[in-house]
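Here the structure is laid out as structure tokens; the discussion comes afterwards.
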Amino acid sequence: MANLPKIYAPHEIEGKWYQLWQKNGYFHAESTSDKPPYAIVIPPPNITGSLHIGHALDNTLQDCLIRWRRMQGYNTLWMPGTDHAGIVTELIMERQLAEEGTSRTELGREKFIERMWQWKDESAGYIVSQLQKLGCSCDWERERFTLDEGLSKAVRTAFVKLYDQGLIYRDTYMANWCPHCNTVISNLEVEPIEIDGHFYHIRYPVKDSEIVLEIATTRPETMLGDTAVAVHPEDERYQHVIGKTALLPLCDREIPIIADAYVDTEFGTGALKVTPAHDTNDYEIGLRHNLEQLTIFTPDAHINENAPEKYVGLSRWECREQVVEDLQNLDALVKIVPHRHAVGHHDRCGTVVEPAISPQWFMNVRPLAQRAIEATKKGDIQFIPERETTRFYHWMENIEPWPISRQRWWGHRLPIWDCNACGAVTAAMETPQQCEVCGASDFRQEEDVLDTWFSSGLWPFSTMGWPENTEELQTFYPTSVLVTGWDILFFWVARMIMLGLGCMNEVPFRTVYLHGLVADEKGQKMSKSKGNSIDPLETIDTYGTDAFRFALVNTSTPIPYVPLPESQIEAGKRFANKIWNAARFILMNLEKHPVPEKMDDVAAEVPSPYKQETLEIAWIQSRLSHTIATTTEAFEDFRFYEGAQILYAFLWHEFCDWYLEFAKQRISQNQPEALWVAADVLEQTMRLLHPVMPFLTEEIWQQLPHGGGKNESAERGSITVSAWPEPIGENPTAETTMATLMEVIESVRSIRGELNVPLGASVEVHIQSPNAEIRERLEAYLAQYLPAFTRVADITIAESLSKPPASAEAVIGELAIYIPLADIIDLDAEHARLSKRHQQVVKDVAAAQKTLDNPNFIQRAPERVVKQKEELLARLEVEKEKLARSLAMLTESEKE
RNA sequence: GGGCGGGUAGCUCAGGUGGCUAGAGCGACAGCCUUACAAGCUGUAGGCCACAGGUUCAAGUCCUGUCCCGCCUACCA
């Protein structure tokens with residue numbers, strides 16, 4: 001103990017404690033317990049490799065909640081696991097296969113899935129080890145994976161249930177298609193990106209007339225699939241062409257000219273080419289007018305044989321160039337105008353999305369969305385921050401059918417069987433024996449897999465064993481809180497709520513805490529693709545887990561993008577080191593002055609805090625009590641950053657800066673009670689800080705005496721399972737007295753600093769105060785405390801005393817401090833110093849006076865506020881006069 | 001086009017239901033290797049709280065408008 005290193009070395013400490021925690025099963029939740037339940041399901045990280053900074057923040061916050069509630073005596077469950085993340089993971093694997101010179105299709109479905117499972121085993125293991133390095137106190141015995149047998153059964157059960165309710169159905173419909181991934185995706189997965197494109201104005205001649213319609217489009221290549229031209233029914237410019245036929249250039253096709261109110265007369269030329277198979281709006285128009293849906297693209301977005309032969313096989317972009325060139329040659333191209341517009345891209349692979357018609361499985365989410373809204377309005381779910389509720393409602397109220405099938409292999413295959421004999425569709429848990437319609441037993445299972453978010457949506461109960469009615473579900477469902485970034489409110493949170501209501505008939509969680517996304521100094525979201533992200537493991541290696549966690553928590557204010565500059569992590573490291581050294585100081589001194597055996601409870605057994613000679617003990621205990629209360633309150637309101645800031649300020653600027661300095665004096669005077677209290681305060685503060693900085697606090701807590709024999713915490717083997725501190729009450733008298741003392745000490749230090757009094761020089765301090773009570777307090781404590789902070793030769797305290805010649809002065813209300821500095825005082829410097837303060841006070845006096853001169857203020861403001869103001873003014877006025885007098889004297893002495 | 005968030009010290013941010021002389025961290029400047037800590041200690045400087053109105057005894061805080069920045073959302077080809 002005596003040879004504790006001077007500098008905190010996190011790496012020697014972190015690993016060993018995590019192992020102990022796990023070995024002792026502190027993280028394991030009981031399925032049934034007398035303790036109240038508290039449950040969080042982890043947002044399962046994708047098995048795409050390593051965790052990023054966002055995971056670090058998300059899981060740190062969850063760990064804070066779990067550790068805090070565990071200490072409060074809850075039966076805490078933090079359910080961990082990973083997500084198979086269909087499309088992304090497949091993309092990674094496909095890249096890997098390409099490097100090996102093979103491909104997904106070459107391997108075939110079965111072999112490919114095998115490879116995926118190998119990948120999963122490695123990746124999930126790596127993710128778990130990273131979470132453990134971060135200190136996450138998950139219940140690892142319950143780790144889950146979305147493709148586990150149990151969770152897969154939950155998926156099939158949910159699917160069949162919703163299918164039977166008619167909420168899931170197959171339909172041929174237009175949806176977003178990714179030509180790269182070869183699958184349909186939902187509109188949430190489409191990221192609109194502003195692109196500098198062009199408006200191509202094209203001439204469409206009208207049959208049997210001289211009329212030529214000018215049509216504007218951003219996608220000229222789609223004209224090969226045009227099956228109509230539309231104008232607004234009331235557009236006067238075009239009345240004479242409605243019902244006529246247009247001649248589609250390049251295709252020699254005749255297409256009708258129709259009237260539809262969708263067309264905006266103000267936009268473009270007011271005449272719209274209609275491509276029902278390749279544009280969402282055109283699709284709708286097509287349905288209304290019974291137009292042919294002419295598909296001209298292959299699934300990978302090349303031109304198919306529905307187009308004129310010369311274009312077949314071209315890519316979308318090649319075709320566009322060719323079409324434009326051909327139109328120019330035909331003199332059918334009027335002009336090309338630059339046009340900036342949003343183009344949809346697949347958020348996973350970046351490919352431009354193609355609206356396409358295909359048979360897909362959809363989920364009608366409207367009824368469940370409605371229930372989700374009602375449940376939230378009823379208060380079953382609370383969003384933090386509250387503003388997210390509005391976003392949630394808005395999304396839910398405008399929700400559209402959810403395409404849930406994906407033309408991929410890695411995922412839950414749809415539990416749908418088509419009868420090869422009669423075509424009847426069966427949804428079932430297993431392959432059906434025979435067709436309920438025709439009795440045949442020849443089936444073909446649907447090839448598609450489900451959208452990953454479908455299984456993620458069941459996570460809060462599939463992880464607990466649903467569809468079985470398990471003890472876990474009975475104990476922990478609905479879970480207590482869900483913690484995630486606001487960016488996946490719709491993707492995931494909304495769907496969990498809907499599926500929770502659909503499957504469990506109850507919301508999946510009571511509170512949704514949506515934190516910000518980690519950004520760099522410029523406010524840009526950190527991401528690997530931007531190259532501005534911090535790697536959690538590297539950061540932990542450099543600064544230690546606790547420093548990193550402190551920085552994450554400290555910056556997690558409720559704004560959408562939270563900047564995490566390197567300097568914050570450094571601050572965390574310095575804080576850890578500061579705590580380490582405070583502990584070192586206490587532990588080293590405890591060797592010389594051990595806490596007596598018989599002392600069961602330090603806080604209760606030190607000499608009465610109200611006795612004069614132990615003012616600093618009463619004070620620090622009062623401040624600790626306040627810290628316990630405010631930190632707990634902050635945690636309850638999900639303001640972890642505030643809790644972190646409170647603890648930082650208390651530990652550093654009250655406990656270390658002041659209390660330990662007092663304690664040094666006491667120890668040197670052979671009064672070790674102050675040391676024992678220091679140990680006690682540090683022990684309790686370690687418990688408060690443990691949710692944020694688990695490793696450091698454990699290390700210190702283990703070495704500190706934790707309250708002798710009777711304190712409950714002592715019987716527990718780890719701070720992890722120690723009790724959350726309770727406030728013991730505050731002591732306003734001690735706090736006020738200490739505030740005065742601190743002001744005096746600070747004034748003396750300030751004078752010395754500003755007038756450059758050499759450190760080694762002792763000074764006399766003369767204090768004048770008309771207030772007998774204050775004089776009494778100063779007399780009792782100042783001689784004791786002041787030498788701890790600065791060199792003093794002598795202290796004089798009197799009701800009135802004249803200012804010694806050539807002395808510096810400080811004024812605290814009606815109290816004045818004089819320090820004779822005959823040899824060294826710089827009168828100009830002193831004059832400047834006092835003058836500056838004087839000017840400030842004059843301003844403050846005027847402001848306070850103005851408020852008090854207002855009769856309405858006296859009349860209408862609460863008495864408390866008026867009194868405060870009056871006291872402030874009185875204090876300031878005394879100070880002003882004193883300063884004015886001193887300034888006059890200084891000026892006079894300068895003349896001499 | 002609609003909606004949301006932000007604009008407070010050089011930088012990054014705190015400032016629940018209006019009421020302490022507007023705070024912190026980092027940075028800057030000056031001085032200290034004071035026997036826990038130089039990853040430290042002490043002192044100092046630095047703010048018309050975006051702008052304009054309004055409500056109020058009282059506004060950084062509430063209301064209206066304006067200007068910037070960011071985000072979400074929307075079928076304008």
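Data table
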| item | result |
| --- | --- |
| Interchain or long-range residues, amide H under 5 Å from A:Gln382's placed H | A:Thr511, A:Val512 |
| Heavy atoms of A:Thr737 accessible to a 1.4 Å probe, total area in Å² rounded to 10 | 10 Å² |
| Proximal charge balance of A:Arg203 [Cβ under 11 Å; K/R count +1, D/E count -1] | -1 |
| Where the Cα pairs of the range A:764-814 fall when distances are cut into 5 Å bins, in % | 4, 18, 30, 27, 18, 3 |
| Accessible area expressed per residue, chain A, with surrounding protein chains retained (probe 1.4 Å, Å²) | 44 Å² |
| The range A:299-374: translational diffusion in µm²/s, Stokes-Einstein, Kirkwood Rh over Cα pairs, 20 °C, 1.002 mPa s | 130 µm²/s |
| Size-normalised alpha-carbon gyration radius of the range A:813-896, reference 2.2 N^0.38 Å | 1.40 |
| Hydrodynamic radius (Kirkwood) for the range A:324-427, which is based on Cα pairs only, to one decimal in Å | 19.3 Å |
| Förster-model FRET efficiency, 30 Å R0, A:Ser129 and A:Cys349, C-beta, rounded to 0.05 | 0.60 |
| For chain A, projected area of the alpha-carbon convex hull averaged over all directions, nm² | 52.8 nm² |
| Binned Cα-Cα distance frequencies in the range A:11-76 - 10 Å width, integer % | 17, 39, 37, 7 |
| Histogram of C-alpha separations across the range A:299-339, 10 Å bin width, % | 28, 47, 24, 1 |
| Across chain A: Cys residues that no other cysteine approaches within a C-beta distance under 4.7 Å | A:Cys64, A:Cys136, A:Cys138, A:Cys251, A:Cys319, A:Cys349, A:Cys503, A:Cys656 |
| Where trypsin sites (Lys or Arg not before Pro) fall in DSSP loop in the range A:477-528, at most 14 other Cβ within 10 Å | A:Lys522, A:Lys528 |
| Ellipticity estimate at 222 nm from DSSP helix runs (n ≥ 4, -39,500 (n - 2.57)) divided over chain A, nearest 500 | -13500 deg cm²/dmol |
| Total formal charge among the other residues, if their Cβ is under 15 angstrom from that of A:His515, Lys/Arg +1 and Asp/Glu -1 | -2 |
| For the range A:487-543, radius of gyration divided by Kirkwood radius, i.e. Rg to Rh on alpha-carbons | 1.19 |
| Nearest-ten-degree value, helix A:545-555 long axis tilted from longest Cα axis of chain A | 80 degrees |
| Orientation-averaged projected area, Cα convex hull of the range A:69-190 (nm²) | 11.7 nm² |
| Cα Rg, Dmax, the range A:240-348, angstrom units | 15.1, 48 |
| Where A:Ser50, A:Ser747, A:Ser800 fall by accessible area, highest first, once all protein chains stay in place (1.4 Å) | A:Ser800, A:Ser50, A:Ser747 |
| Within the accessible area of chain A (1.4 Å probe), percent carbon and sulfur | 48 percent |
| Proximal lysines to A:Lys843, defined as alpha-carbon separation beneath 16 angstrom and excluding residues fewer than eight positions away on the same chain | A:Lys869, A:Lys880, A:Lys882 |
| Cα centroid separation - the range A:258-336 against the range A:393-467, whole Å | 35 Å |
| C-alpha long axis of helix A:615-636 to longest principal axis of chain A, angle in ° | 10 degrees |
| Distance between modelled label sites at A:Lys836 and A:Asn398, nm, 7 Å Cα→Cβ extension | 5.6 nm |
| Cα long-axis angle, helix A:640-649 against chain A (0 to 90 degrees, to the nearest 10) | 20 degrees |
| In nm, spacing of pseudo-spin labels at A:Arg885 and A:Arg749 (7 Å Cα→C-beta vector) | 2.9 nm |
| Contour excess over end-to-end distance, with Cα ends at A:Ala861 and A:Ala261 and 0.36 nm allotted per residue | 209.8 nm |
| Compactness index (Cα Rg / 2.2 N^0.38 Å), the range A:507-581 | 1.23 |
| Net length gained if the chain between A:Ala424 and A:Glu726 were fully extended (0.36 nm per residue, minus Cα distance) | 102.1 nm |
| Residues in the range A:97-112 that a label on A:Arg413 would reach, taking backbone N under 19 Å of a point 7 Å out along Cα→Cβ | A:104-112 |
| Lysines whose Cα lies under 17 Å from that of A:Lys133, excluding same-chain neighbours fewer than 8 positions away | A:Lys16, A:Lys23, A:Lys573 |
| Separation of the A:Ala829 and A:Glu591 label points, Cα + 7 Å toward Cβ, nm | 4.1 nm |
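The values are calculated or read from the model by the stated rules, or taken from the named source; none is laboratory data. Values in this document were obtained by computation on a predicted structure and should not be read as measured data. Methodologically, a virtual Cβ is constructed for each residue, glycine included, from the backbone with ideal geometry; neighbour enumeration extends over all protein chains shown. What goes into the accessible areas is simple: the full protein's heavy atoms, side chains included, and nothing from ligands, DNA or RNA. Shrake-Rupley method; radii C 1.70, N 1.55, O 1.52, S 1.80 Å.
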